1. Can we say Met116 is modelled with pLDDT under 95, within 22 Å of the chain's Cα centre (by Cα) and in a strand (DSSP E or B)?
2. Tally time: how many residues in the stretch 110-143 are aliphatic (A, V, I, L, M), over 17 Å from Asp186 (Cβ atoms) and touching a Gly at 6+ places or on another chain (Cβ under 9 Å)?
3. Which of the residues that make up the stretch 159-185 are part of a strand (DSSP E or B) and over 21 Å from Ser252 (Cβ atoms)?
4. Does the stretch 186-196 contain any residue that is of a type in the set (D, E, K, R), touching a residue at least 24 places away in the same chain (Cβ under 8 Å), closer than 30 Å to Glu79 by Cα and assigned to a strand (DSSP E or B)?
5. Looking only at the stretch 48-65, which residues are farther than 18 Å from Tyr266 by Cα and in contact with a Lys or Arg (Cβ under 7 Å, 6 or more places away or on another chain)?
6. Of everything in the stretch 66-96, what is of a type in the set (S, T, N, Q), surrounded by 15 or more Cβ atoms within 10 Å (Cβ to Cβ) and under 26 Å from Tyr147 (Cα atoms)? Give them in sequence order.
7. Is there any pair linking a residue in the stretch 97-116 that is touching a residue at least 12 places away in the same chain (Cβ under 8 Å) and surrounded by fewer than 18 Cβ atoms within 10 Å (Cβ to Cβ) to one that is part of a strand (DSSP E or B) and hydrophobic (A, V, I, L, M, F, W, C), with Cβ under 6 Å and at least six apart or on different chains, and which?
8. Hey, among Ser127, Ser121, which residue is of a type in the set (Ser, Thr, Tyr), surrounded by fewer than 17 Cβ atoms within 10 Å (Cβ to Cβ) and in contact (Cβ under 8 Å) with a residue 12 or more places away in the chain?
Amino acid sequence: MKKVIVIFIVSLLFISSIYAEKIRIVTPYLGTINNDMSRSIEGYPNELELDDSSLFKGLYFQYISTDKYQWNAFVYNSEDLNYSSLWGTHFIFDYYLGVKENSKYVIGAGMEFLKMDTETSEIVPFSNFGLSQNIYAPFLRGGKYFYLGDNNIKYSFMPWLGLESDIIRGYIDFTIPGMPFPVSDDVDDDTFYALAGLSFKATFYHFIDLKLKYHYKVDLQESDTYDVASGMLNIYFNRSWGISYRGKYIKSAEMENIYHIGGIVYAF
């Protein structure tokens, strides 16, 4: 009987934390990332092609004010990935409007920042190859959540549309044997995208969360298209602790990134 009472109390505490007015989630992550890069370089007749995997570290934080707004931030790092040091972060803020039992509108804004620095003499046929890029990607989006299911299994999905601007700044320099002087040039590029996406979430018996996201990017100048897809699975052991898996695929004009990471979830 005591065991039943303890399980019942723990279940109530867990459920109350899930549906609390304010929820905070912190998750450190560790895993691997693969970077496949193909880049045209002025002054070099062939494509520069690199493919490498490395350790990937991240820290995720989310703050949810039920039926009002949510924001989340993810900071990540990888070293020695295609001879590069990689630092990045994303920040997203969503504000809710027209909240009903089975739906609500979302207006969101965010920023993705990526810093990638390469310094090496190991890329054939280059010597003293250097590439530094800072990528800023602010975006706006709007959509609507739809809710389905019952008290034990709940589903939601959100179709959305948005706009994104990718701003790339940096430099590239290298030397090729036989050339009389080094090549050096600035990296300066601005690209605007239209976005269309769909987010899906399922919660099973209050302790398993599954999220799947996909969005489609259309270059408004060149009409090129790119895919971004991600998934997350959280399994909670009690009202505060659980384990988490995240995976993401990102396609851009010059590279593909895929990462798989796992971590410990702390909710409070």
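The values are calculated or read from the model by the stated rules, or taken from the named source; none is laboratory data. Quantities reported herein were computed from a predicted structural model and do not represent experimental measurements. As a convention, Cβ positions derive from the backbone with ideal geometry for all residues, glycine included, and neighbour counts pool all protein chains shown.
1. Numbers: modelled with pLDDT under 95: yes; within 22 Å of the chain's Cα centre (by Cα): yes; in a strand (DSSP E or B): yes.
When the stated conditions are applied, Met116 passes them.
2. Within the stretch 110-143, the subset aliphatic (A, V, I, L, M) is 111, 114, 116, 123-124, 131, 135, 137, 140.
Okay, now just the ones that are also over 17 Å from Asp186 (Cβ atoms), so 111, 114, 123-124, 137, 140.
So of that shortlist, the ones also touching a Gly at 6+ places or on another chain (Cβ under 9 Å) come out as 114, 137, 140.
Here the count works out to 3.
3. To start, the set of residues in the stretch 159-185 that are part of a strand (DSSP E or B) comprises 159-175, 183-185.
If the condition is that a residue be part of a strand (DSSP E or B) and over 21 Å from Ser252 (Cβ atoms), then Pro159, Asp173, Phe174, Thr175, Val183, Ser184 are the ones that fit.
4. Here is the first cut: in the stretch 186-196, the residues of a type in the set (D, E, K, R) are 186, 188-190.
Cutting the leftovers down to touching a residue at least 24 places away in the same chain (Cβ under 8 Å) gives us 190.
From what is left, the residues that are closer than 30 Å to Glu79 by Cα are 190.
With assigned to a strand (DSSP E or B) added as a condition, the list becomes 190.
Checked against the condition, which is being of a type in the set (D, E, K, R), touching a residue at least 24 places away in the same chain (Cβ under 8 Å), closer than 30 Å to Glu79 by Cα and assigned to a strand (DSSP E or B), the stretch 186-196 yields at least one hit.
5. Filtering the stretch 48-65 for residues farther than 18 Å from Tyr266 by Cα gives 48-56.
Once the filter is applied, which keeps residues that are farther than 18 Å from Tyr266 by Cα and in contact with a Lys or Arg (Cβ under 7 Å, 6 or more places away or on another chain), the stretch 48-65 yields only Leu48.
6. The answer is Gln70, Asn72.
7. Ser103/Phe146; Tyr105/Leu97; Ala109/Phe93; Ala109/Leu140; Met111/Phe91; Lys115/Trp87
8. On the way: Ser121 fails: in contact (Cβ under 8 Å) with a residue 12 or more places away in the chain.
Going through Ser127, Ser121 in turn, just one is of a type in the set (Ser, Thr, Tyr), surrounded by fewer than 17 Cβ atoms within 10 Å (Cβ to Cβ) and in contact (Cβ under 8 Å) with a residue 12 or more places away in the chain: Ser127.
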